[in-house]
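The values are calculated or read from the model by the stated rules, or taken from the named source; none is laboratory data. Being a predicted model, the structure only gives us computed values, none of them experimental. Note that each Cβ is placed from the backbone with ideal geometry, even for glycine, and that neighbours are counted across all protein chains shown.
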Amino acid sequence: MQQQHFIIHKPYGYLSQFINNQTKRKNKKLLGELDDFPTGTMAIGRLDEDSEGLLFLTTDGKMSEQVRSQQVEKEYWVQLDGEITAAALQQLQQGIELSHRGKKYTTLPCKATAIETPKLLARTQKIRDARHGPTSWASITLVEGKFRQVRKMTAAVGFPTLRLIRVRIGDILLGDLPAGAVVAVDDFF
């Protein structure tokens, strides 16, 4: 059976899964609502419900392992609460001590730079308005991706994430792919 691969622009408000296994809230939006995917399709990595951007789907488990490896960079654009400082960017670049499920770990060094406000479509859910103070944007490029890692990293240096968009995985760019769009591809690399 031939493996199938897809690139999607995960919209805000969707879970990166096909089955809702939550018992409390059964009205969640799932990736399967975006297209008619073949049986066995899985997301490679995840973007949380509040995050948007580039996501790979595949029917090939080996491909999933390859994309999630530390050989493949993942780039995120993040809108931050406040004007990001050079000191905070340097902290991000060097690695941040975080915890997950009670265990502490230090993130690997990453690329982190301030960027101009990108030209993006407005998000369906309003973030906030200017009366609540300034915001800024940064590009953060990782080779790992633990549970809500980018959000935890920016909060740890004093600049909580307001909006998070994955714009690149390896050499594949999100570009102008509209939210909710799905593209079938032969391969990712």
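Would it be correct to say that Ser64 is outside the structural domain of Phe159 (by TED's automatic domain parsing) and among the polar types (S, T, N, Q)?
Yes, satisfied.
For the range 80-180, list the strands (runs of 3 or more DSSP E) that sit wholly inside it and hold at least 2 residues that are polar (S, T, N, Q) and surrounded by fewer than 19 Cβ atoms within 10 Å (Cβ to Cβ); which are they? Steps first, please.
Details: elements: 97-100, 103-106, 111-115, 135-142, 161-169.
Of the strands (runs of 3 or more DSSP E) lying wholly inside the range 80-180, those with at least 2 residues that are polar (S, T, N, Q) and surrounded by fewer than 19 Cβ atoms within 10 Å (Cβ to Cβ) span 135-142.
Taking Gln91 as the residue in question, decide whether it is of a type outside the set (Gly, Ala, Ser) and either in contact with a Pro (Cβ under 6 Å, 6 or more places away or on another chain) or modelled with pLDDT of 95 or more (or both). Reasoning before the result, please.
Values: of a type outside the set (Gly, Ala, Ser): yes; either in contact with a Pro (Cβ under 6 Å, 6 or more places away or on another chain) or modelled with pLDDT of 95 or more (or both): yes.
Yes: the conditions hold for Gln91.
Kindly indicate the residue of the range 43-79 that is among the hydrophobic types (A, V, I, L, M, F, W, C) and either in contact with a Cys (Cβ under 7 Å, 6 or more places away or on another chain) or over 18 Å from Asp186 (Cβ atoms) (or both) and also surrounded by the most Cβ atoms within 10 Å (Cβ to Cβ) among those meeting that condition.
Initial filter on the range 43-79 (among the hydrophobic types (A, V, I, L, M, F, W, C)): 43-44, 47, 54-57, 63, 67, 72, 77-78.
Retained after the next criterion (residues that are either in contact with a Cys (Cβ under 7 Å, 6 or more places away or on another chain) or over 18 Å from Asp186 (Cβ atoms) (or both)): 43, 47, 77-78.
Working: Ala43: 19, Leu47: 22, Trp77: 21, Val78: 24.
The extreme case among them is Val78.
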